[in-house]
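Let me begin by presenting the structure, written as structure tokens, before commenting on it.
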């Protein structure tokens, strides 16, 4: 019988970190996308229900693209930056859209 070799612990931690980034970071990015887009689409004149539906439906694609990005990125650090930076920008866009509406969306 041949001896099984296991992967180094550092490699397993990097894969675990990417998995967390894909699952929870992707969810964060998708939620920020949905919030930001629903407010900005309302500002373009779209009805509230249509804006929320459009933003929510498109957030599934954003989550999928985030998960693909995390595992396609060259390094784990770059993967996390590629998730956190757009999420922060979308959060700022959400805040700006909400501030322009008097704080109420």
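Largest mean-square fluctuation among 93, 45, 25, in a Gaussian network model of the chain whose springs join Cα atoms under 10 Å apart, belongs to 45. Summary of the geometry: segment 66-86 and segment 1-58, compared by the centres of their Cα atoms, lie 10 Å apart. Ranked for footprinting exposure by Cβ neighbours inside 10 Å, fewest first, 28, 7 give 7, 28. Can you tell me which of 16, 55, 66 moves the most in a GNM of the chain? Springs connect C-alpha atoms under 10 Å apart. Among 16, 55, 66, the largest mean-square fluctuation in the Gaussian network model of the chain belongs to 16.
With neighbour counts taken as other beta-carbon atoms within 10 Å, the residues 54, 94, 44 rank, fewest first, as 44, 54, 94. Helix content alone sets the calculated 222 nm mean residue ellipticity of the chain: runs of n ≥ 4 DSSP H residues at -39500 (n - 2.57) each, divided across all residues, give -26000 deg cm²/dmol. Rounded to the nearest 0.05, what FRET efficiency do residue 81 and residue 9 have when you use their Cβ-Cβ distance and R0 = 30 Å? About 0.80, to the nearest 0.05. Stretched out straight at 0.36 nm per residue, the stretch from residue 49 to residue 99 would grow longer than its current Cα-Cα span by 16.0 nm. By other beta-carbon atoms within 10 Å, ranking 37, 46, 57 with the fewest at the front produces 57, 46, 37.
If you take Cα Rg over 2.2 N^0.38 Å from the coordinates, which of [x] 1.25; [y] 1.17; [z] 1.40 do you get? Label of the calculated value: [z].
Coordinate-derived values only; no laboratory data. None of these values were measured; they are calculated from a predicted model. Backbone-built Cβ (ideal geometry, glycine too); neighbour counts: all protein chains shown.
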